[in-house]
1. Of the residues that make up the stretch 148-155, is at least one outside any loop (DSSP other than H, G, I, E, B) and either touching a strand residue (DSSP E or B) at 6+ places or on another chain (Cβ under 9 Å) or loosely packed, with under 12 Cβ neighbours inside 10 Å (or both)?
2. Of the numbered conditions (1) touching a strand residue (DSSP E or B) at 6+ places or on another chain (Cβ under 8 Å); (2) at negative phi, LEU98 satisfies every one except a single condition; which is it?
Amino acid sequence: MRMRYRYVTYRYIDGSGQQLQRHYRQLLQEVLRQSQQALLQRSEVWRPPADIRESAERVVVKIELAGMSEDEINVTLYEDALVVSGERRDDSEDRENLYYQEAQIRYGPFRVEVFIPSPIDREAVTARYENGFLWVTLPKLPATRSEPQRVQVRQSAAEK
């Protein structure tokens, strides 16, 4: 990995170790500020934490989406997958002069794709957003039971 630097500052520091410490602290803060700005400006799609639970009756998907409203979340049901997408926007004011001490909350476009392992009742699927979590409930269709059927094994035509 190759890193680029915008500029290099050469400075002669004369005096005590405190001046040297202050200089290195300022240098470190500038490096952190530049790297934070680069990370915050990325527009990659991220995946929020999700729990997927399955029982005999249903599949329940719980996704952590704090700080959003219902109209910012898209839920799409495909034949064999559930896709939840949207974008969490950073509501910080004066972002140009803002420096983070920590930046752990993800912002920007997100997407969660969940494979649906069994047939579901598409008309009964529900989604609700409550206390920062999106809950999608996918009721399963009743399993059709059939009697075991014997399959005849035949000799191949090449062996005759």
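1. The answer is no; no qualifying residue exists.
2. The failed condition is (1).
Where a number appears in this text, it was derived from the coordinates with a stated rule and is not lab data. Please read these numbers as outputs of a predicted model, since none were measured by experiment. Because the Cβ atoms are built from the backbone with ideal geometry, glycine has one as well, and the counts that use them run over all protein chains shown.
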